[in-house]
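Let me begin by presenting the structure, written as structure tokens, before commenting on it.
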Amino acid sequence: MSTASLMRLRATRLTSPRLRSLPGIVQTRSKATMPFRLPDARNEPNLEYRKGSPERTKVEEALKKLRSQMPVRSELFYDGKFQASSQSWDQPLPAEHGTTFTNYPLATKEQTNEAINAALEAKQSWQDTPFVDRASIFLKAAELVCTKYRYELIAATMLGQGKNIWQGEIDAAAELADFFRLNCNWAGEILEKQPTRGSDGMWSRVEYRPLEGFVYAVSPFNFTAIGGNLICGPAIMGNVVLWKPSPSNVYASFLVYKILLEAGLPPNVIQFVTGDPEAITDTVLAHRDFAGLNFIGSSNVFRSLFGRIGQGVAQKSYREFPRMVAETSGKNFHLVHPSADIPSAVNHTIRGSFEYQGQKCSATSRVYLPESRAEEFLTALKAGVKEITIGNPDKDLSAFMGPVIHRASFEKIKGIIDASNKDPSLKLIAGGTYDGSVGYYIHPTVYQADSPDHRLFNEEIFGPVLTVYVYKDAEWAQTLKDVDRNGGGLALTGAVFAKDRIAIRQAEDALRYSAGNFYINCKTTAALIGQQSFGGARASGTNDKAGSADPLRRFVSPRLIKEEFFPQEGFTYPSNH
């Protein structure tokens, strides 16, 4: 290395206090120009979008531009180019179902196989790409998300998924950037883990190989960032990925894919395949080189996939045992103790239940209230719900709630509300109405049940419907059992509200397996990437904790290499003499 290069290297080390050393990673000259250090982990700050702010003006401009282009075209992209298709589907605007937001092509079985084969052809080159170069692509993508594409991503998420500005900001901008950046840090943590013990004359080291095949990523409609994470984690570890986005989040997902290509991702590393979910999945699960599933969706769909993959394993259909990572459904609870700060608990409940129309896996859908504080809580809750504004996300920027995602969701929730309004065991506290004339609008709805075992405490609704049970103060211990027993077998998120530390300890212990994310005096939603890793157990998924290194570790296959530096001069042991 030249003197000038050494001076630049020393200067970099002296002037970069925010860089973290990765002592276990030493790249040869064929892999990198020098040992490297990743930027420190950090979270993207949220802009506030107050009236008159520059960022609000920019979102308004992006919304206007996107509106003028509708129906926007979403693409089928694999083998490095756009692919034609004889069939396509339309996605209507959730807020105006008479208007088509986007049209996207349906991949045939042959096209899905072509995409898989193209990915496998790119596999060797990608896994041989040095980690420093793979990481740089995702770090650059994070910068593109936060700058050039920030407002376009938010606008696409607002229109396509019916989110308001704030929900679009925390999802499509901040969380997506966090995933791209922090996955690099977590990958670095994995790669630097090496054996620390050894014997004289030998060296043990671990190589973290990508899986021997391709990963199938299936992303949901409700978070643009989730799709970015499901593909980024396996790819940063050297895997090739077939990405099937939700039919209700195709356009925003394609923007994410476009950003990655612009950041330098080789086209065939991740294939963007749109179409009928069942047809694509059938093709994927029939392929010998299927090596992993990275999934977020409903518990029932994952159960089906788990069973089919298990059958394939039994029939020796795959090269290796496929890895499965999944985060699925939730039936999440707020448990209020008599000692709770009721105004705070009410505000947390309104946010947890009704932000983004209850369409978060972590949304609060069941609440347990002590009899001594129930009237205070319900009065404040009813008043707060009355103040919730509902509107078209891009035409009423101040609206707290928007539409649910599509007609199937609207009809499902409508049916639940209709049945509940006629149920004598339920008391309507707020809402109980809907309006599907223009968009898929469900009004925030609250019921009080006369039993903790009512079906609404076990049925996942995925909409703005909250059920409350009032327990006798003396039955706190029994209520803990009721919370744990119900929830439809799901165990994603839950929260206790109390000032009494003994009560908090009792809840934390009794509900140990009731939630993968347990919150004390805060709502069940809004886990922050890198600060609150996220995932549930029981029927809520494999609990591999998105927002941590755990899922990335699942998509590598370590190889232990042991090397000795001395000859073996005999084969007997001391005990043989």
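A short reminder: the numbers here are calculations on the coordinates, not readings from a lab. None of the values given here were measured: they were computed from a predicted structure. In this analysis, Cβ positions are derived from the backbone assuming ideal geometry, glycine residues included, and neighbour counts consider all displayed protein chains.
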For this session: Report the relative contact order of the chain, percent, no decimals, based on alpha-carbon pairs under 8 angstrom and at least 6 residues apart.
Result: 16
Problem set entry | Size-normalised alpha-carbon gyration radius of region 337-456, reference 2.2 N^0.38 Å | 1.08
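In µm²/s, what is D for region 197-269 at 10 °C and 1.306 mPa s, where D = kT/(6 pi eta Rh) by Stokes-Einstein and Rh is the Kirkwood radius from Cα pairs? Could you put the intermediate results ahead of the total?
Details: Rh = 14.0 Å.
This corresponds to a translational diffusion coefficient of 113 µm²/s.
How big is the antiparallel share of DSSP beta bridges in the chain, given as a percent to the nearest 5? The partial results should precede the final answer.
Working: 31 of 74 bridges.
Once the DSSP bridges in the chain are tallied, antiparallel ones form about 40 percent.
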For this session: Please give the calculated 222 nm ellipticity per residue for the chain, where each DSSP H segment of at least 4 residues contributes -39500 (n - 2.57) and the sum is spread over every residue; nearest 500 deg cm²/dmol?
Result: -12000 deg cm²/dmol
Exercise. Sorted by packing (mean other beta-carbon atoms within 10 Å per residue), highest first, where do 447-455, 469-477 land?
Worked result: 447-455, 469-477
Exercise. Once you put a point 7 Å from the Cα of Tyr513 and another 7 Å from the Cα of Ser339, both along the Cβ direction, what distance in nm separates them?
Worked result: 2.7
Problem set entry | Cβ-based net charge around Leu426, under 11 Å, with every Lys or Arg adding one and every Asp or Glu removing one | +1
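Relative contact order, percent, of region 108-253 when contacts are C-alpha pairs under 8 Å separated by at least 6 residues?
Numbers: 182 pairs, mean separation 45.2, N = 146.
Over region 108-253, the number comes to 31 percent.
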Seminar exercise, completed: Mean Cβ-within-10 Å packing, highest first, puts peptides 398-407, 147-156 in the order 147-156, 398-407
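On average, how much area does the Cα convex hull of region 441-577 cover when viewed from any direction, in nm²? Write down the numbers at each step before the final one.
On the way: hull surface 66.5 nm².
Averaged projected hull area, Cα only: 16.6 nm².
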Seminar exercise, completed: Expressed in nanometres to one decimal, the distance between label points 7 Å along Cα→Cβ at Ser557 and Ile502 is 5.6
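Could you work out the mean projected area of the convex hull around the alpha carbons of the chain, in square nanometres to one decimal?
Values: hull surface 134.2 nm².
About 33.6 nm², averaged over all directions.
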For this session: Over every pair of different alpha-carbon atoms in region 332-533, take the mean of 1/r and invert it; report that Kirkwood radius in Å.
Result: 17.0
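Give me the orientation-averaged projected area of the Cα convex hull of region 318-407, in nm², one decimal.
Working: hull surface 39.1 nm².
Computing the convex hull of the Cα atoms and averaging its projections yields 9.8 nm².
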Seminar exercise, completed: What the 10 Å binned alpha carbon P(r) of region 361-408 shows, as percent of pairs per bin from 0, is 20, 35, 31, 13, 1
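Can you pull the semi-axes for region 143-226, root of five times each eigenvalue of the Cα gyration tensor, sorted largest first, whole Å?
40, 15, 9
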For this session: Give me the distance between the Cα centres of region 335-399 and region 115-190, rounded to whole Å.
Result: 32
For this session: Report, ordered by chain and residue number, the aspartates and glutamates lying within cross-link reach of Lys481, taken as a straight Cα distance under 16 Å and ignoring same-chain residues fewer than 8 apart.
Result: Asp453, Asp473, Glu508, Asp509
Seminar exercise, completed: region 480-524: relative contact order from alpha carbon pairs under 8 Å, six or more residues apart, as a whole percent, is 51
